[in-house]
Amino acid sequence: MVHRNNTLLHGGDYNPDQWLAYPEILSDDLKYMKQTRANAFSVGIFAWAALEPREGEFTFGWLDKILDDIYGIGGRVILATPSGARPAWLSQKYPEVNRTDHRRQKMLHGGRHNHCFSSPVYREKVGIINRKLAERYKDHPALFMWHISNEYSGECHCLLCQDNFRRWLREKYGTIDALNAAYWAAFWSHTFNDFDQLESPTDIGEGWIHGLNLDWKRFVTHQTLDFYRHEIKDIRVITPDVPVTNNFMADFPNVAPFTGFDYAPFAREIDVVSWDAYPPWHNDYESTAHLASKLAFLNDYFRALKDAPFYILESTPSMVNWQPVNRAKRPGMHKLSTVACLAHGADAIMYFQWRKSRGSTEKLHGAVIDHDNSPDNRVFCDVAEVGQMLENLSEIADSRTHAQVAVLFDTESHWALDNAEGFSRQSKKYSQTVHTHHKAFWQANVPVDVITPDKCADLTRYKIVVVPMLYLMREKTMRQLQTFTQNGGTLVMTYISALADENDLMYLDEGAPILRDTFGIRITETDTLYPSQRNGVCYNGKEYEALDYCAIIQPTNDANVEILSTYTSDFYANSPAITVRYTDAANKKGAAYFIAARTGEDFLQDFYNQLIKENQITQPSIQTPPGVSVQTRHGNNATYHFVMNYTEEAQIITLANKMPDLISGIELNEGEIKLQPYDVMVLSNR
Ligand code: GLA
Ligand code: ZN
C-alpha cells in the first residue's frame, strides 16, 4: 500500500511557509528538486500560524499551490499535522494549553513541543485544523502519507494530567491496597490511603518509589499515544487509504532509542515507522566503523518494530547545529551514510531540511539549499549524486531483511535499571551493552532484528536470541524464552538480568524462574568493579578481561548444566562465569548460555562467531576485513548485498561469485575487489 511505483523516497522537510514573501525562492526550489531527483517532501510540520493566522481564519491558498507544484514535478507530499508548535493567539487565549513542568511550574508560550497532552482546548483546536487539512487535500494526487505532529516528546504535570494519571492508576490497580503492594509503599511510611494522594514523580516531592516512577513513564507512553489517537481519529475516516507515520528519535552517544516513552506500543498503531537519524560522523571520540555499528543497531531496532522497511524521515546532508561541535560530512560520507540506512531496510532518505532558514535557531543547520541559493556547492552535488543513486537502486524498495538472530532491547527495563540506585552509576550502560552484543553479529555481516519483548510471543524464525542485561523481566517473557529453547533455539542471557518483576520488585527465593528452569543456575551476588578494576574469564583456553560486573553464580543440581568458563581471580576465582544448559542434552539442542560477567568486544566476537558457526547462520559469500560491513536484503527476484567501507583507507574484499554493482552498473568478477575509503556497492545476486 505504501510503495507506489517501486521507488525509494528522496527529499525532506520542506518549510515554504518561511518563504512566502520570496516567490522567486519558491520557484527555484522546484528547479532544484528536479535536479536532485527529490520526489517526496514533508510539508506543513510547523505551519499552524500560516494555516490559521487567527482563530477560525484559515489560509490554505499557499499550501494548495505547494501541493500542486510538487505534484507538477512528479513529487509526493507527506502532509504534516501542525500540533508540534502552535500560534501565539492559541496560548494567549487559552493558557491551559501550555505545559507544566515536573516542578509544577507553568511554561510560557514559545519554542515547540510544549503543549499539555490532556488539555481539552488543545485537543479541540488540533482536531479542527487536522480535519480541515484532511478534508481539503483528501483527493489531492500529491497526498502520499500523513506525518502526524513532530517527534512527540515530553510530559506535562498540570492538574489535568495529574487527574488523568490517577484515573489510569485506578484502572490499573483497582484498589489502593494493590497499588501499595506493587509500590512497596510501607518503605519510609509511603503508604497511600487514596488514589487522590498520588502525584507524578518530582524532585520537590515523591521521586523514590520505583514502581511509581515506572508507572509514570508508562502513563506518559499511554498519554502520548492517546493524544496521537485523537489526532488521527478523523483523518483515518476522511482519508482511509493514506498511510500514517510519525518520526521517532534516537540518542547516538548512548546508542538508544528515545527514552521519553516506549515506541513499541506506538509502532503498532502507525503504518510506517520513521526515524530521524543524526549520527555525529567524524567525531573525535570513536572510529567511523564504531559509529556505523551504532547506526546499524538503531536501524535494526526501528525496522524490527514493524518488521518492515522504514523511513529515514530526517537526516542532514551536511551538519546539524545542536552538537557541541557541528562537523561537515567529508567527501563520500553522504553516500556512505545513505547506503548505511538502505542496507538495514530504509526505503526513504529524507533531510532536515530542504532549504536553510534565513533566521532563528536553525539558520546554521545543514540543508540541501544553502543561503547562497545555488546548486554550485559540494553539499548540493552530494545530494544530487545520492538522488541519482537512489534512482539506480529503485528495485530494492520493499525488499526485506531475513534475520536469524534477535537481540532483545526493552525500554521499560531500561527505565527501571537507570532508576535502580545501586550497581555503578557510570557503568550500568544498558543500551551500550545491548549494542555491544549486536555489534559482534554486525562485524560478522549477520543481519539482526533488535526486538522488543512484545515480539517474544513468536520467536520461531530465529535461531539465536540474545538477552543482555534485561534487569526487569516479566514472567511471560521468561516462559516465551523457555519455549524458544524447548523448540531447539539458542538463548544467551547475561548478568543483571531477570532481577526484578514488572513492578520493579525484586524476585525472591531462588530468583526469577528462568534462572533455574532454563539456565539451571542461581545468582548469589553481583560484584560491581571500579572502572579501572579487572577480573578475568577463561574460555576455550583463552583468557579475557571481565570488567564492571561479575555475577557470582551457582549451578543447580541439574545434570544438563555445563560450566564453560570460570573467573580467574578474587574470592570467586574458579567459580563459574559462563554456563550452558541444554534442553535436549543428548542432541545438544536448545542451548541456554548464561554470561555472568561483562567482557570486552574480543570475547563477544569469539563467542558469537562460534555460535554463528554451530547454528549455521547464513553469512554472505563475501570476505571482508574489519571496518567493512555487508548487509543483505531480499527482493522477489534477487538478493542484495550492501557493501560499505567504514574506514579511511582502501580495503580489499573477496567475492565468491560475480555480481553486478547496481550503483555503478559495473559487473564485478569473483575474486579480490578494491574499495576506496568510504566506498559503497550494492551487489545483486539473482
Ligand atoms: C529534529 C526536528 C526538526 C529539526 C531537526 C534539527 O529532528 O524534528 O524539526 O529541528 O531536529 O536537527
Ligand atoms: Zn497537562
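List of remarks:
- When you restrict to C-alpha pairs under 8 Å that are six or more residues apart and normalise by the size of segment 589-686, the relative contact order lands at 24 percent.
- Value in Å of the Kirkwood radius, where segment 631-678 supplies the Cα pairs that are averaged: 11.8
- Those GluC sites (Glu not before Pro) in segment 569-658 that DSSP places in a loop and that have at most 15 other beta carbons within 10 Å: GLU648, GLU649
- Entries of LYS335/LYS674; LYS233/LYS463; LYS138/LYS217; LYS306/LYS476; LYS294/LYS589; LYS106/LYS455 with Cα pairs more than 29 Å apart: LYS233/LYS463; LYS138/LYS217; LYS294/LYS589; LYS106/LYS455
- Structural size metrics of the chain, computed from C-alpha coordinates, are Rg and Dmax of 26.3, 80 Å.
- Separation of alpha-carbon centers, segment 79-154 and segment 489-519, rounded to whole Å: 43
- By the count of other C-beta atoms within 10 Å, a proxy for reagent exposure, SER399, SER119 are ordered fewest to most as SER399, SER119.
- Among beta bridges identified by DSSP and lying wholly in the chain, the antiparallel ones come to about 55 percent.
- Residue order for HIS222, HIS435, fewest other beta carbons within 10 angstrom first, comes to HIS222, HIS435.
- GluC sites (Glu not before Pro) within segment 371-444: DSSP coil, no more than 12 neighbouring Cβ in 10 Å: GLU421
- Only DSSP H runs of four or more residues enter the estimate; each adds -39500 (n - 2.57), and after division by the residues of the chain the mean residue ellipticity at 222 nm equals -9500 deg cm²/dmol.
- Per-residue ³J(HN,Hα) for segment 99-109, Karplus 6.51 cos²θ - 1.76 cosθ + 1.60, θ = phi - 60°, Hz, x for Gly and Pro: 6, 10, 7, 5, 8, 6, 9, 6, 7, 8, 5
- Residue order, fewest to most beta carbons within 10 Å, for LEU604, LEU668: LEU668, LEU604
- Cα centroids of segment 651-668 and segment 326-344: 20 Å apart.
No lab work stands behind these numbers, since they all come straight from the coordinates. All figures in this text were calculated on a predicted structure; none of them were measured in a lab. Using ideal geometry, Cβ is built from the backbone for each residue, glycine included, and neighbour counts are taken over all protein chains shown.
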